[in-house]
Amino acid sequence: MIISTGLRTDIINHYSEWLFERFREGYVLARNPLFPNKVTRYLLSPDTVDAVTFCSKNYTPALHRLHEITDRFHSYFHVTVTAYGKDFEPNIPMEADRIAMLCALSRLVGKERVVWRFSPVFFTDNYPMERVTDTFQRLADRIAPYVHLCVFSFLEPFFSMRTRCPQIQPLTNEQKVAFARTIAKTARHYDLPLQTCGSLNTYTELGIVSAGCYTLDAIGKANHCTFRSMRHDGNKRGCLCIQSRDLGWYNSCPNLCFYCNANASVGETKKNIRMHDPHSPLLIGTILPEDEISDASQQSYLRDERQISLFDL
């Protein structure tokens, strides 16, 4: 089983004390987003967890303690560095600090385990395509030596985006192809493999790979282990990743990026943040009398490499 720590909220950035305590105690509880009173208990041991995946915009608060997890578990890291500033990402460090953070992470865990996410991609009057592609080139010049892959995706429209971010312009297929062609050329210059994420469109003719961000093949190569061949059902529509179990909760990310659909309400998000207890087995809040707790079925995806001898028969 794969444990994820960054699909619903930026845990490693804002809740790392809680995360390290969960791994130290050896278990965690997670609510079902569709049925909140149904709670699942996951055991956090190398016998029950094949790998831990991370996705964050800032690993700085946890860099000095990451070894507590990486020394025991296979791991894989996505670092999001976009083209946008505090007008869209109000609580994210400045670009220079994010680049320094990514480089420090790469030196710590090895570039083969680090992926740069240039995602999401969108355009406004203040961020026209030319500015976004120029930013990609500037970032690639600094980041490429420290990652083994760059993943990008276009912003998918969601229900409240027109109200929250009216300045974001709808993208045509022609704009998407033009953008992909430009950054593909830049990526080739820096010998940086480029891949789409959760996109219904593919750009393989431009040399861009279409695959999942978190696949057993990618995690296995990064950690020098072998997984069984399994279908990758993804975590949402259009996703080609291996299914994982995320420890986060929607409406709880203090990054408060305006384009993010994981935070549907700023008020709800701030309320949930206040409910966080670093010593609770749940990320947000505590167990309620009406909660139903069940143990997860934690099937291993790892291939058993042991050789069978005559004495085992």
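The values are calculated or read from the model by the stated rules, or taken from the named source; none is laboratory data. What you are looking at is a predicted structure, and each value in this text was computed from that prediction instead of being measured. Cβ atoms come from the backbone with ideal geometry, glycine included; neighbour counts cover every protein chain shown. Calculation scope for accessible area: heavy atoms of the full protein, side chains included, ligands and nucleic acids excluded. Shrake-Rupley method; radii C 1.70, N 1.55, O 1.52, S 1.80 Å.
In order along the range 219-236, the Karplus-derived 3J(HN,Hα) couplings, from 6.51 cos²θ - 1.76 cosθ + 1.60 at θ = phi - 60°, round to 5, x, 4, 5, 10, 6, 9, 10, 9, 5, 6, 9, 5, 9, 8, x, 10, 6 Hz, and Gly and Pro are given as x.
Rolling a 1.4 Å probe over the protein heavy atoms gives the range 1-130 an accessible area of 36 Å² per residue.
Here the alpha carbons of the chain define both size measures, Rg and Dmax, at 19.8, 72 Å.
The ellipsoid equivalent to the alpha-carbon distribution of the range 39-170 has semi-axes of 30, 19, 13 angstrom, derived from the gyration tensor eigenvalues as √(5λ) and listed largest first.
Looking at the range 1-82, the DSSP beta bridges with both ends there are about 35 percent antiparallel. Can you give the log10 of the normalised intensity I(q)/I(0) at q = 0.12, 0.20, 0.21 Å⁻¹, computed with Debye over equal Cα scatterers of the range 181-313? Log10 of I(q)/I(0), two decimals: -0.80, -1.23, -1.25.
Place +1 on the Cβ of every Lys and Arg and -1 on the Cβ of every Asp and Glu in the range 1-129, take the dipole about the Cα centre, and give the residue among 129, 60, 39 whose Cα lies farthest towards its positive end. Positive-end residue among those listed: 39. Amide H contacts under 5 Å for residue 78: 54, 55, 56, 115, restricted to partners 5 or more places along the chain or on a different chain, H placed in the peptide plane at 1.01 Å from N. At a Cβ-Cβ separation cutoff of 4.7 angstrom, cysteine residues of the chain with no neighbouring cysteine are 55, 103, 150, 165, 197, 213, 225, 239, 241, 253. A P(r) calculated from all alpha carbon pairs of the range 207-266, with 10 Å bins opening at zero, reads 19, 36, 31, 14, 1 percent. Amide H contacts for residue 51 (H built 1.01 Å from N in the peptide plane; partners 5 or more residues away or on another chain; cut-off under 5 Å): 3. To the nearest 20 Debye, how big is the dipole of the range 18-173 about its Cα centre, given +1 on the beta carbon of each Lys and Arg and -1 on that of each Asp and Glu? Approximately 320 debye in magnitude.
Across the range 179-187, computed HN-Hα scalar couplings (Karplus, 6.51 cos²θ - 1.76 cosθ + 1.60, θ = phi - 60°) run 5, 4, 5, 5, 6, 5, 5, 4, 4 Hz from first to last residue, x flagging Gly and Pro. Setting aside same-chain residues fewer than 8 positions from residue 270, which aspartates and glutamates have a Cα under 13 Å from its Cα? Qualifying aspartates and glutamates at Cα under 13 Å: none. Evaluated at q = 0.10, 0.21 Å⁻¹, the base-10 log of the normalised Debye intensity for the range 21-115, with identical point scatterers placed on the Cα atoms, takes the values -0.36, -1.07.
Springs between Cα atoms under 10 Å define the GNM used for the chain, and in it the highest mean-square fluctuation of 37, 255, 235 occurs at 37. Excluding residues fewer than 8 places away in the same chain, name every one of the lysines whose C-alpha is closer than 17 Å to that of residue 185. Hits, sequence-local ones excluded: 176.
Only the Cβ atoms of Lys and Arg (+1) and of Asp and Glu (-1) were treated as charged; on that basis the dipole of the range 145-288 about its Cα centre amounts to roughly 140 debye.
Note on the chain: with a GNM built from Cα contacts shorter than 10 Å, the maximum mean-square fluctuation among 108, 256, 247 falls on 108. The helix-only estimate of mean residue ellipticity at 222 nm for the chain, built from DSSP H runs of length n ≥ 4 each weighted as -39500 (n - 2.57), is -8000 deg cm²/dmol after division by the residue total. Distance from the Cα centroid of the range 1-40 to that of the range 246-308 is 4 Å (rounded to whole angstrom). Ignoring ligands, DNA and RNA, please state the percent of accessible area on the chain from carbon and sulfur, probe 1.4 Å. C and S fraction of accessible area: 52 percent.
Highest GNM mean-square fluctuation among 85, 198, 248, for the chain modelled with Cα contacts below 10 Å: 85. Multiplying the residue separation of residue 280 and residue 175 by 0.36 nm and subtracting their alpha-carbon distance yields 33.2 nm. Working note: Debye formula, equal point scatterers on the alpha-carbon atoms of the range 103-162, no solvent; log10 I(q)/I(0) at q = 0.12, 0.24 Å⁻¹ is -0.38, -0.98. For a modelled paramagnetic label at residue 67, 7 Å from Cα along Cα-to-Cβ, the residues of the range 103-122 in reach, with backbone nitrogen under 20 Å, are 103-114. Can you give the Rg/Rh ratio of the range 27-79, where Rg is from the C-alpha atoms and Rh is the Kirkwood radius? Answer for the range 27-79: 1.04. Taking a sphere under 13 Å around the Cβ of residue 32 and counting the other residues whose Cβ falls inside, with K and R at +1 and D and E at -1, yields a net charge of +2.
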